[in-house]
1. What is the dipole size for the stretch 140-243, taken about its Cα centre, with +1 at each Lys and Arg Cβ and -1 at each Asp and Glu Cβ, in debye to the nearest 20?
2. In whole Hz, what ³J(HN,Hα) sequence does the stretch 145-157 give by Karplus (6.51, -1.76, 1.60; θ = phi - 60°), x for Gly and Pro?
3. Read phi for every residue in the stretch 82-93 and hand back ³J(HN,Hα) as whole Hz from Karplus 6.51 cos²θ - 1.76 cosθ + 1.60, θ = phi - 60°, with x for Gly and Pro.
4. Identify, among Q210, F145, T252, the residue whose Cα sits farthest towards the positive end of the charge dipole of the chain, taking +1 on the Cβ of Lys and Arg and -1 on the Cβ of Asp and Glu, with the dipole about the Cα centre.
5. Quote the charge dipole size of the chain about the Cα centre in Debye, to the nearest 20; the model charges only the Cβ of Lys and Arg (+1) and of Asp and Glu (-1).
6. Suppose each label sits 7 Å from its Cα in the direction of the beta carbon; what would the E225-I273 distance come out to in nanometres?
7. Keeping the other protein chains in place, figure out the carbon and sulfur percent of the accessible area of the chain, with a 1.4 Å probe.
8. Near the amide H of S202, under 5 Å away, which other amide H atoms are found, from residues 5 or more places off or on another chain, if H is placed in the peptide plane?
Amino acid sequence: ASGIVRRVERGTVVVDLGRTEAYLPRREQIPGELYKSGDRVQGFIADVRQTNRGPQIIMSRADERYLVKLFEMEVPEIHDGIVEIVAAAREPGSRAKIAVISKDSTVDPVGACVGMKGSRVQNVVQELQGERVDIVPYEEDVTRFVCNALQPAEVSKVFIDDESREMEVVVPDQHLSLAIGKKGQNVRLGAKLTGWHIDIISETAVAAKQAEATFNLMLLPDMTETMAQNIYQSGFNSFAVLAAAESPEVMTIPGYDDPAKAEKLIADAKALIEEYEKEGKEIPTLAPKVEEGTAT
C-alpha cells in the first residue's frame, strides 16, 4: 500500500491511505530514512490491531514480505506464478537475500529477477534506499542451497548435522572474509535464508583441527596415525568424546565394528582420562584455537 505522510509522532509516521490511516513505527522503517508531511510513502501492511479506538493498521518497510511484494510487482514471472520466491532474509537498508525457483525449465529465475541490464532488481534497490539484494537459486538439496546462499564466496566442503540442523562450511582461505561478510552479515543472512545454523571455517583451520584431533587420539595406547584419522573422520575428535560414547556409536568407525574392539577403545579412553586426572596433568595440545564465523 502507499499513501501520504500526514504527521510524525515520536518517530512513528502516520500515513494517509485515503479512506483510513496507517502507522509506520520506527522499528518498521528502513534505518536512515527521514519523513515529512506531504511525502509519498509505500510499505507492506504487516498487521491490523484492534484498539479502543478501532482497528490500527501497521505498515512496514523493513519486513521481508515487503521485499517479496516489490519483486512481485516488478517481475511479471513472479506475479504470474512462473517464478517463486521461496525464502527471503533482510537487514533493512543494508543487505538482503532472496531464494528463487522456476516452475518452467526455460525460464531462468535469477535472470528474470535481475532483468535486462539489472533494471528490475535496481528498481527494487532504489525503493529500498540502496539496500543490496542478492538473488540466489533455491535448491531442494540443502547443501547446494547453503552454498548458493553464501554467494559470492566459494565453498570447498560441507559437513552436515541433520539432527541439530547445523552445518560446517569449509571455504578457501582467501574466501573466508567474503563468506563471513562485513561484521558477519553474509553468513548471518545465509543462515536466516536457509534456516540452518552455519559455521564458516577456512581450509587451513580444518587442517589444523584434524591435526589437533589426530594428535589427541594418538595419545591412546597402540593408536596409529591412520587409525586416529579414521576415528576423527567418523565424528570423534578426541579421546574424551570416545570415553563418553556408547559401543554402537564406536562400532561405526572402520576397524571397530566388533563389539569387543569398540568396548576396548572406550575403556582405553576412560583409563587415559583417569590417568591424567590422577597425575594432575593437563592433556597435551598441538594447535592454537582457530578463528571461525558462525551464524544461526
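The values are calculated or read from the model by the stated rules, or taken from the named source; none is laboratory data. Owing to the predicted nature of the structure, the values given are computational and were not obtained by experimental measurement. No Cβ is skipped: glycine too gets one built from the backbone with ideal geometry, and neighbour counts run over all protein chains shown. Just so you know, the surface numbers come from the protein's heavy atoms only, side chains and all, with ligands and any DNA or RNA stripped out. Shrake-Rupley method; radii C 1.70, N 1.55, O 1.52, S 1.80 Å.
1. Numbers: 8 positive and 14 negative charges, 109 e Å.
Magnitude of the dipole: close to 520 debye.
2. Each residue's phi maps through the Karplus curve to give 5, 5, 4, 5, 5, 8, 3, x, 6, 8, 10, 8, 9 Hz.
3. Karplus values, whole Hz, x for Gly and Pro: 6, 10, 10, 8, 7, 8, 8, 9, 9, 10, x, x.
4. Looking along the dipole axis, the top candidate is F145.
5. Numbers: 34 positive and 48 negative charges, 449 e Å.
The calculated dipole for the chain is roughly 2160 debye.
6. The two pseudo-label positions are separated by 2.8 nm.
7. Values: 8010 of 16460 Å².
That fraction is 49 percent.
8. Those lying under 5 Å, H to H, from S202 are V171.
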